[in-house]
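Data block below; observations after.
The values are calculated or read from the model by the stated rules, or taken from the named source; none is laboratory data. Source: prediction; values computed, not measured. FYI the Cβ positions are ideal-geometry reconstructions off the backbone, even for glycines, and counts take in every protein chain you see. To get the accessible areas, we keep the full protein, side chains included, count just its heavy atoms, and leave off ligands, DNA and RNA. Shrake-Rupley method; radii C 1.70, N 1.55, O 1.52, S 1.80 Å.
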Amino acid sequence: MTCLSDIDLATLHQHRLEERFSYKLAWSGTGHQQVQYNDLLMRHNASLKRQRIIPNKPSASIQSTNPVQASESLASSPDSQQVKSEDEPDDGYFDSTTRRRRSGTWPRTRSLNAPSPFQQFGPCGRIMKNSAMVMQIQDPASQRLTWYKPPLTVLVIKKKDSKVLFPFVQLVEWLVQEKHMVVWVESAVLEDKLLRDDFKLDQESARFRQVHGEYAGVRERFLALREKLVTFKDGRDDLTDRIDFIVCLGGDGTLLYASQLFQQSVPPVMAFYLGSLGFLTPFQCENFQDQVTNVLEGHAALTLRSRLRCSIHRKGERRKESLQAAGSSNLLKPSLQRQLNYVEVNHSAGSNNNNCNANNSILVLNEVVINRGPSPYLSNIDIFLDGKYITSVQGDGLIVSTPTGSTAYAAAAGASMIHPSVPAILVTPICPHSLSFRPIVVPAGVELKISISPDSRNTSRVSFDGRNDQELNHGDSLRVTTSIYPVPSICSQDQISDWFDSLAEGLHWNVRKRQKCLDELSDLTSSVSDDTLDEFDNLKIYDA
């Protein structure tokens, strides 16, 4: 978070006085405060008549520690300003449009984050400048999709379901023939038996032969496009900087799969609802032509779904590498030694290198789960926050999730549901053996270190978005923080409407029978107290 200069502070102070004067804010102080405030407005109004200025060229030579002095110096500099006539009539100086243009700010609509705070506190205090800030939070209302060049390549991801074949072929055909785009699909799509006619049907079941016949028209249209498609294989091909746009056809799992494919920068994702829950898929397939065209033209809002960067620190590997370094005559560079201390997350699980980035870490969209696995004993997990010990979890495990994952496993474990634009990390225990252990929310910039307690009776299992399950032994640690690479999810309407519609339709949030209105007369007449009826009659007399 950067600090404002003295000139910017003076300008901001002047704009705040203008806002008070323009909107005529009510003052509820004492009489002495009212007199001071009126005197301040009168002096400010007089100074504005003298300072009707038009900036000509910036002046970098003004240096002042006092915002008021800086403002006066800026107003009195003859080289950088032109003074307007004092008798010139008011030309809309205080109207809302001019005020916004002068201050450089416009009203925020549907913003979830507060505006950037005023960074000076009193006459002396201010936020210290820090060039190495952890992260910068952008106003979600300003997150709009724009293309600096026309998108040419699109990746279409579909779920493994025969009901998705027709909209999939229809979409691919439209993208290739109408939009002239290069369409990428997974190589497993070409191996779908319902989209092939080069195998023997007599070896298949009667039900499959029936379904295969029903999709004859879809298969014919797909075979005509097959040679124009570009295929990739998960774990073998790297899609980094090859895809401009992603379309998901299915449920929430398709979006999680797209997040797994891109372990760094993710292209914009447009998710269509063709699954069972569809919490993360706001688009419908009925009029996909208009919706995709609208997105390709850059008319869409974005929800930046933050991801977690997870890495496992193995005790055994660290000890082995230290012994090798001690016995070797060549000294490793410190940066290389630090890299060797981190073990690739998916190496022990036999996964591909495409799931890990250059920092030997994996990015997850929903959550990372540490659980006791098949062991009958409780998990005993220590939690550290930025290197400081916080607490231990004794129970079935722990969920560390993003705000996007707050409506998934974390919500089932009792966590609050958090909008995906809120920068945070959720820490939720799974069946804790403590009545006072409540889920907590920590800032997105911190680093969580999770390790097995030395006195734990068993090891634990760790999984990332339900994948890559592996064991976490004694001495090993899992480090989790917010990644700088979010998933840009395209909104069907806007960030607020999409999320609450998903809550209402997917989870039936706050759904119950409406309470009937209270009939005051019938309620009073049903009372057994005679005093109540007498009082009611008296009220009618007084009203008459």
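Modelled this way, with points 7 Å down the Cα-to-C-beta line, the labels at residue 127 and residue 493 are 3.3 nm from one another. Of the peptides 255-262, 414-421, 291-298, 236-243, the order by per-residue mean of other Cβ atoms within 10 Å, starting with the highest, comes out as 255-262, 414-421, 291-298, 236-243. Of the peptides 264-271, 386-393, the ranking by mean beta-carbon count within 10 Å, highest at the top, reads 264-271, 386-393.
Computed with a 1.4 Å probe over protein heavy atoms only, the accessible surface of the stretch 153-301 comes to 47 Å² per residue. Using only side-chain charges placed at the Cβ, +1 for Lys and Arg and -1 for Asp and Glu, the dipole size of the stretch 153-301 relative to its Cα centre rounds to 340 debye. To the nearest 10, the accessible area of residue 517 is 130 Å² with a 1.4 Å probe. Per-residue SASA remark: residue 437, around 40 Å² accessible (1.4 Å probe; ligands, DNA and RNA not included). For the stretch 153-301, the carbon plus sulfur part of the accessible surface works out to 45%, probe radius 1.4 Å.
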